[in-house]
Structures are given as structure tokens and as C-alpha cells.
Amino acid sequence: MSNHLNPSDIKAWTRRDFLQSSAMFASAALTVPAFVQSSALALPRPMMGLSSIAGVDEDRILVVIQLSGGNDGLNTLVPYGDDAYQRVRPRIALSANEVLMLNRNGGLGLHGSMSGFKELYDEGMCAIVQGVGYPNPNRSHFASMDIWHTADTAGTGDGWLGKYVDSQCCGYGSGTPGAKASTNQAQNDPPPPLIAIGKTAPLALHGRTMMPVAIESADMYQWTGEKMGKDLNKAYIGSIEDRSEADMASGAEDNKSFLVRTAMDAQVSSKKIRKAVDAESLVQYPNSQLANQLSMVASMIRAGMPTRVFYVSHGSFDTHANQGGAQGTHARLLQQLSEAVSAFYKDLKAQGNEGRVLSSCFSEFGRRVGQNGSGGTDHGTAAPMFLFGPMVNPGLHSRYPSLTNLDNGDLKYTVDFRQVYAEVLDEWLSAPSKEVLGRGYKHLRVLKS
Amino acid sequence: MPALETQPVKTTDSIAAIKSEDFGYTEARHLLLRAGFGGTDEQIRTLARWGPEKSVDHLVNYGKIKADEAGADAFENDIIRPLTNEERQRVNRARQTGDEDTLAMYRTERQRRQREDRRQMREIQRAWITRMIESPRPLEEKMTLFWHGHFATSFRGVEDSYHMYAQNRLFRGNAMGNLGNLLRGIVRDPAMLKYLNNNQNRKDSPNENLGRELLELFSLGEGNYTERDIKEAARTLTGFTFEDNDFRFNQNQHDNGPKNVLGVQGNLDGNSLVSAILNQQACALFIVLKLYRFFVRDIPMDLSAIDTGSRKAILRLAQMFRLGNYEIKPVIRKMLLSKHFYDPTNIGSKIKSPSELLIGSVRSLQVPVRDIGIVTEAMELMGQSVFLPPSVKGWDGGRSWINTSTMFVRQNTLIYLLTGALPTRPLFLKDPAYFDALALVPSLNTPGDSDPSDEQIVRELAMVTLGQANDDVVDSVLSGARGSQGEGAMRENEVVVRALVMLTSMPEYQLC
């Protein structure tokens, strides 16, 4: 019990180091919660160029940016040249000189407050998928969000990214609870948990095999007892450490040793995350919640966290009243979004990690084509999705839904969002989309292959 | 991280009652943890004295214990209500004439009601958690929680707090009753009908959602029906809808054609569907398996993947459940009394659910609740928000509760209950509620000659919190709590609290 290492000296006792030197590595991998376990395999590769992407599957990261509340797609990717657009939105429509032109002939541009997106677009780092939706659209925030999260039009199953983890883990396959574990050792190695920045993890990340990690702030992600005095902290960590090592040596795999290991990993990863977040970013981030979230994600990527999916959110986009046009509430939300994503990719570039990170940005629905009587817009249907990173096929994809051939005042979607999911799963995460989504979807070639 | 245990185990297959002489403190503690939310040292000793039969009967026959009844009128039942005919006409007129002001007024009113309803939902959540903490009938609440997880319905999809409350009353009222009644009740339950879209299940355009989950998740389990059965089951449920707060059978939308579900033919409706389900052997086994996972051990749903002893015990209980006409109480009683239930493999092996952890801590350590809002939020952060299960599949339980972030929330919430300190900055904005930690040490509270050493005190605290006093744990807790203070420090309430902070942070504290 004596001679415990100084807990502040993280290097001296990281579990990773212990695991690396341990002959028990293979059997321990079965129950180690993997936060730290996999990090040895996924250190950042600042020297990695784009060309080597094909060889580094294990390092690929997906960042999902959720726009909550229903983003007004028509005032984001603006068909300013369409008379119908100007006609039904007299108070909130943007004119040609209020947009950042993408396609002069098509009369299409980004909202004027989104110069960050425009830069990424011009650099070939942004793909825009137009008219994304799904059949029989649901206009309830909750219901539609659940549909996007589960990739199922009933919206009642597991999260699509949770199912992705299931497909990678432990032979669970289709996510049936209690399905027989695979005998394949490599398949039994648990993937690192998904991380949501926020109080709780969204449905999208919930699967059968592991719970996603939610981190609101590095402050929250630590043992309160640590602040109750050195003696207490030292005794606690010493006890966990001793037992973790004893379990490792005996190869115990019961619930108790599983808990000991998780407690140990929590200590190590807490230090690691706090250290990562305390390190000054390589670029200046604007001051917004989304920017804070993305800066945390960038810090964790930089620190070599093995996590492959991060989830952030921004909102609220539920602009029923006075949403504004070139200026106003909606413009501010878009500006925050655009500035945050722009800073995020500058940071990743400075780290040398931009080639590893694909980001995808969606909202549960767009809004109605016509403005309402309060200078706002009500819940609608299809809207554009944005994807970022050097691995995207830049530019516009699919086609803009007609503003005159409507379904009861709403846009008719031109692309099913699950086509985008399928491509991200197959091409970026190397996971079988058919298994995860329950059926195959045609790829749009939004990603370079 | 496999969600379930991977270690091979060996257990007794006997479901005969445990003998009185084999039922001591450990067994009484086990019973109280599983059939309730744990108890104080005194309560455990009482059950140990009573012996298995009397203890189990006391817990199971909870109807004899007087308890406050939360009535149907405890909450507002019309925050969310359909528009009256008159209102609907006014809205339609406004739509036709483009009267945006009137439309905006109705929209604002609807949003106000939705906000109000979300507030009431939080209130109902807190009321249930408070009830779990205070109820003299712990098994009633535990069974209600079981059925909530089994027939998982979320406010997210229902968006009517009163419907959620009514469903909770349905579960409580039938918690130990008859499975048939529960199934017949659930296909008429407004919250469930809304959640699984059965209000859209009409004869010309059947919606299979409820029919499918009824067979797959609520009664038979995958592999025990065909896709055709699902389609036919959905047809029997056409026209099952609700109006305001009540079930309504819409005869016009009901498919009156001949149907064939699970081998039963005729012009079937919801009741005959339930009878057809109960006729299946698979039904008793499926429900017993789920009860077993809830009360006994985190096992896979696949019988072939578990040890012979447990498999035999489960099959015996399932047979008894079926022969007993799906009466729930006898099978629970049998299970809680069985030798198998007290097999050493099953004691202290289960990962506590967030509710077991928090409610159990309040009930067994007698810590002040401090702020029920914080406790409710902590449960959400741990992954168990009552009335908001993640999906229709409910909570997976077992190892899926645990990861590094929930481990911190679990430990930190206990620290909050013990000390009032929250993990956010600025730290230690202390709650004034005093916690008498010294009261937990039996030898300090028994009149007589005992003069326990510090180590003895820690040992007793370890028994109360962990059910065992492992030497290494006792050593570290003693040094962590006492620091440089000498012998006798454990007589200080604050030092005892520090010891409890360490004990409840120990991985074993997550087990029951």
C-alpha cells in the first residue's frame, strides 16, 4: 500500500504504459473500457498527408454538428435568384448582394453571415448536399430528431452511431441484446467510446454494447473527492491502482474487476482530458458555445484520444418569430456556426490533423417555404446538409427542391439523409452500412474515394 | 466492453426455498437490495431475525402495508388537450382568411401549454423518485420500475405528461397482478398508443409499430413469431386509439376481416390477440428471463449462453408462471425465496442501476436528499431518466450503465448526498443539511461496553456500504479519512463522512 506514485505525475502511472508492458494485454482488452487502452494505437500523426488516408483507417474521425430546433435551409443555402423565394418571403428573403455567391447562374448563395463556410467551400473543403429529407416528414422536433438519430422513419430504435459501434464490437452485429459474442478475438476488442460534448449524449450515440461518454466540461469530468484533500485522493487512487494491477495479473473479468478498471481509466482519462483542454489552442476561437465545444474536440484530437466519433450541438434554430433576414437572430446563429467550424478546421490544419476529420452538419428539419405572420417560419421539411474536410468532393450535390412544386407548402426532399449516412459509414468509417442501417442506400459520392 | 458477464459460473439449480439456518445477515441484505432498494443495518438485522419466509412475504404482500395513494387527480390532466370544436372552427377560419394574428395567438398558447407540460413532467419525475425513496412498499416501486423498463414509453414521443402519469399508475396497480391484465391494459394505454403510433393504425393503412413491439419486446421475443404474425397482430389493433385521456375503440377504423395470429383464427381483436400471445410457451419464458435479469443476474437473453444451474432455475420458474395462469406474485415470491437466488454467484454481483444506486443510498445510509432536482438530474446523467427511456427497448442494464463519465457522476453524486458538495466550480457551496454519519456505526449506537477502535469503525462502515470489509479497502479508507490525525479521529462526524466518501467511491459500491 505504501509508496504510491504522485497522482499529479500522469506519466508515471498511465494505464496505457502499464498495458503496454503487460503480458496480460490480450485478455485484459476484453473488459478494459478502452478509453485509454486504444490510445497507444491512435496517436496523432502530424506528418500525415492527405494521400495517405487510405492507409490510416483507424485514425479517422467523424464530428457531427447538430443544429437543434430546425434550421431554415432556405435562408442558409439561399435560392436568391428564384422569384418564388422572393415572393413568399417578403420580410425575410435575402437579395443577391446579401449572399455569398456560390453559383451565379443558378442564383444560389450562402447566407451573407457565413464567410467561414464560403472560405472552406472555396478551398475545396466543403460539400453541400441539397434537399435532404426523408419520406412522410414529421414536423415534431422530438419525433423528427429521433428519426435522424435512429436513421429509421419510426424513430424508435437505437442510434445510428450506436449501431455503428455495435457493428464493430463484440460480435453484436445487428444490435440484438444478448446475441452471442463472436469468438473472433480482434472483433471482441471494444472500440473507444463515442463522446458527446454536453450534459447527456444524444440518442444517435446510444447502442447496445456501450454507453456513450458525455463531457460537459473538463471540470465536471473528475472525481470530486480529489478536491477534498491530498490524503483522501492519494488513498483512493492508490487503492484503485493496486487493485487494477492485481486484477490485471489475475486476469479477472467479473463485474467487480470491470468496475475497478473503469474507475482507473476514469482517473487517467480525466487527467488527460483536463491537460488537453488546458493546453492553449493553436488558433483563436470565437466566443460561442459551439466554438467552445469544437475547441474541446480539437484539443482531444490533438491529445491523441482514440475516440472516432464526437458529437456537438448548436441552437436553437426554432425561429417562429422575427428571425430576420441578412441580419437578426437567424443570421447570428449562422455566423456563430460558420465561424466556429472555420476556426475548428484552422486548428486541425495547424495540428496536421485536418485529413483525419470529417464533419457533418444537419438539422432535424428545414422550415416552411413561406414566412409566417410573425416574421418567422414554421416547421418544414427538407434542408441542406454540410460536410467538411479535405476528403469531401467539394461543391453542390443533388439538386435544390422546387419552390413551386410543393407538398402542402413544403419542399419535396431530393435526397434521403440515410444516403449520406450510408456513404459516411462505408467510405469513411469502414463499417457495413447495410448492417447498421438495415438496408443499402445509394451513395452520392460526397466523399472522395 | 461486452455488456454482460463473460466469466463462466456455476450455480445451484434449485428453486426450493432456502432453509432458515442458511438465511443470515448477508442473505437478508441481498434480499433487501434486490427486492427493494436496500436498507439500514437495523432493517437488515430485522429480516435476518424473521427468516426467509416471513421476510419475503412481508415484501411481496405489500398490499397489507399502509401507504399513501397518489390519486388520478394528483396532477393536471388537461394541460395538453385537443382543441374544442369551437376553437378548431376559429383556427380554420383564420387559416382561410389569412388571419395571422389569430393563428399566432393559438400557436403561442400551444407553446405555452407545451412548456407547462414539460414542467409538470419534471414534477412527476421527482414525485416518483421521492416515492421510491419514501415508500414503505419498496417492492411495489421496484416492480413498477420493472414494467416501465419493459413496456418502455418515453415522454419524448408522447408529449403529454398526464398520459405518462396514468401509465405509471397502470404499472403500479398491476405490478404484482396478472400479465394478461397488463397486456390488455397496455394496448389500451394512451401513452403507449401515441408512442408507438397506434392512433394511426387504421384498417386501410395499418401501422405495425405497436403490433411488432408487442410481440418482439413485450411478450414473446425475437424468433418466436413470423412477419406474418406481426402484420396480422397489427390488424387486430386497428382502431385502438385514444381521445383526450381515455382509450377509444374506433369501430370505423377497425379491420373486421378474418385474421390469423400465432395459429389462432377468427375476427380477432386486441383481447384475442393477448390470449393468443399467452398461449405461447415463449411468453412465460421471455417474461421470466426479463424478471430474472432485473432481480437476479445480468445474463444474456439467450438461454444457451448461461450456466446450467441458472438455466434450469429459469425454466422451472417459467413453467410455474405459465401453469399459474401468468399470476406475477407467486413467481416473484418463488424466485426471491429460492436457493438459487441466494447462490453466492448471485450475491453482490449485479451492477446497480442509477435508481438502485441513489435511492438505495438514501434509504440505507439515511443521507439527506438535499435537492430532489439534482438527484433527478444526476440519474439522467447516469443514463436513467424515468419516463424518458432511451428507446422502446428500455434500459439494457448491466455493464451498459458504466463508462468513465457515468462512473464520475455516480461517485460525485454520492459525495453530494454525503457532503452537499457539487463538482462544479466554485466547489463546496455547502448545503446546510446535516448528515449524522456517526449514526451509521452500530457499535457507537448500541448501549453498553463497546469502545471501538478507528479500524473497527471503518470495518463497520464497510459492512454497511459494501457488505464486506476487505482488509486492503479498510486500510486505505482509514488512511484516506484520518490523514495525519491519530487514533480516535473516527469519532468525528466529519472524518466518518470522509470515510464514507471513499467507501462509496469504491468500485464495489456499484454492485448489489
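Answer with yes or no whether B:V501 is aliphatic (A, V, I, L, M), in contact (Cβ under 8 Å) with a residue 60 or more places away in the chain and crowded, with 16+ Cβ neighbours inside 10 Å.
Against the criterion (aliphatic (A, V, I, L, M), in contact (Cβ under 8 Å) with a residue 60 or more places away in the chain and crowded, with 16+ Cβ neighbours inside 10 Å), B:V501 qualifies.
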Discussion item. Within the stretch B:257-364, considering only helices (runs of 4 or more DSSP H) that don't extend past its boundaries, which have at least 2 residues that are buried (at least 23 other Cβ atoms within 10 Å of the Cβ) and touching a Ser or Thr at 6+ places or on another chain (Cβ under 6 Å)?
Written reply: B:270-278
Response to the item:
In the set B:I347, B:I328, the lone residue that is assigned by TED's automatic domain parsing to the domain that holds B:G38 and under 20 Å from B:K142 (Cβ atoms) is B:I328
Worksheet item: Looking at B:F151, B:F146, B:F171, B:F75, which is the one that is at pLDDT 95 or above, touching a His at 6+ places or on another chain (Cβ under 7 Å) and not assigned by TED's automatic domain parsing to the domain that holds B:V331?
Response: B:F171
Practice prompt. Mind telling me which of the residues B:T102, B:T46 ends up being hydroxyl-bearing (S, T, Y), within 14 Å of chain A (Cβ to nearest Cβ), more than 30 Å from B:I124 (Cα to Cα) and part of a helix (DSSP H, G or I)?
Written response: B:T102
Fill in: Whichever residue in the stretch A:336-366 is in contact with a helix residue (DSSP H, G or I) (Cβ under 7 Å, 6 or more places away or on another chain) and charged (D, E, K, R) and, among such residues, is farthest from A:L406 (Cα to Cα)
A:D347
Worksheet, complete the sentence: Restricting attention to the stretch B:49-73, the residues that are under 30 Å from B:N245 (Cα atoms) and in a helix (DSSP H, G or I) number exactly 2
Item to complete: Report, by residue number, each residue of the stretch A:72-86 that is among the polar types (S, T, N, Q) and buried (at least 20 other Cβ atoms within 10 Å of the Cβ).
Response: A:N75, A:T76
Discussion item. Looking at the stretch B:386-401, can you tell me whether even one residue there is outside any loop (DSSP other than H, G, I, E, B), touching a helix residue (DSSP H, G or I) at 6+ places or on another chain (Cβ under 8 Å) and closer than 26 Å to B:A437 by Cα?
Written reply: no
Discussion item. Cβ contacts < 9 Å: first residue outside any loop (DSSP other than H, G, I, E, B), restricted to the stretch B:443-454; second residue basic (K, R), any location; separation 6+ or different chain. Result?
Written reply: B:L444/B:R491; B:D454/B:R482; B:D454/B:R491
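Counting only residues that are in a helix (DSSP H, G or I), more than 8 Å from chain B (Cβ to nearest Cβ) and in contact (Cβ under 8 Å) with a residue 24 or more places away in the chain, which one in the stretch A:234-263 is surrounded by the most Cβ atoms within 10 Å (Cβ to Cβ)? Write out each step before concluding.
Of all residues in the stretch A:234-263, those in a helix (DSSP H, G or I) come to A:234-250, A:255-263.
Of the ones still in play, those that are also more than 8 Å from chain B (Cβ to nearest Cβ) are A:237, A:241, A:244-250, A:257, A:261.
Next, only the ones that are in contact (Cβ under 8 Å) with a residue 24 or more places away in the chain stay: A:237, A:241, A:244-245, A:248-249, A:257, A:261.
On the way: A:I237: 23, A:E241: 21, A:S244: 25, A:E245: 17, A:M248: 23, A:A249: 12, A:S257: 21, A:R261: 28.
Restricting to residues being in a helix (DSSP H, G or I), more than 8 Å from chain B (Cβ to nearest Cβ) and in contact (Cβ under 8 Å) with a residue 24 or more places away in the chain, the top hit is A:R261.
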Discussion item. Condition check: more than 27 Å from the chain's Cα centre (by Cα), under 25 Å from B:I374 (Cβ atoms), facing chain A (nearest Cβ under 9 Å) and among the small types (G, A, S). Does B:A439 satisfy that?
Written reply: no
Fill in: Scope the stretch B:461-512; condition part of a helix (DSSP H, G or I), more than 8 Å from chain A (Cβ to nearest Cβ) and within 18 Å of B:G348 (Cβ to Cβ); matching residues
B:L461, B:A462, B:M463, B:V464, B:T465, B:L466, B:D471, B:V474, B:L503, B:T504, B:Y509
Item to complete: For the stretch A:221-233, enumerate the residues that are of a type in the set (D, E) and more than 7 Å from every other protein chain (Cβ to nearest Cβ).
Response: A:E226
Worksheet entry | Complete set of residues in the stretch B:407-427 that are modelled with pLDDT under 90, facing another protein chain (nearest Cβ under 7 Å) and touching a helix residue (DSSP H, G or I) at 6+ places or on another chain (Cβ under 8 Å) | B:A421, B:P423, B:L427
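Conditions (1) in contact with a strand residue (DSSP E or B) (Cβ under 6 Å, 6 or more places away or on another chain); (2) surrounded by fewer than 24 Cβ atoms within 10 Å (Cβ to Cβ); (3) closer than 28 Å to B:Y165 by Cβ; (4) at the interface with chain A (Cβ under 8 Å from one of its Cβ atoms), marked per residue:
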site	(1), (2), (3), (4)
B:D371	no, yes, yes, no
B:M379	no, yes, yes, no
B:M382	no, no, yes, no
B:G394	no, yes, yes, no
B:S405	yes, no, no, yes
Worksheet item: Which condition breaks for A:P432 when tested against (1) at pLDDT below 95; (2) of a type outside the set (K, R); (3) buried (at least 20 other Cβ atoms within 10 Å of the Cβ)?
Response: (3)
Worksheet item: Can you tell me which residues in the stretch A:90-106 are touching a strand residue (DSSP E or B) at 6+ places or on another chain (Cβ under 9 Å) and either among the small types (G, A, S) or over 25 Å from A:G375 (Cβ atoms) (or both)?
Response: A:A93, A:A96, A:M101, A:L102, A:N103, A:G106
Response to the item:
Among helices (runs of 4 or more DSSP H) entirely within the stretch A:103-171, at least 3 residues that are out of contact with any helix residue (DSSP H, G or I) (no Cβ under 6 Å at 6 or more places or on another chain), at the interface with another protein chain (Cβ under 10 Å from one of its Cβ atoms) and surrounded by fewer than 19 Cβ atoms within 10 Å (Cβ to Cβ) occur in none
Fill in: Candidate set from the stretch A:199-220 (those that are part of a helix (DSSP H, G or I) and more than 7 Å from chain B (Cβ to nearest Cβ)); member that is farthest from B:M382 (Cα to Cα)
A:A204
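The values are calculated or read from the model by the stated rules, or taken from the named source; none is laboratory data. Keep in mind the model is a prediction, meaning the values are calculated, not measured. Backbone-built Cβ (ideal geometry, glycine too); neighbour counts: all protein chains shown.
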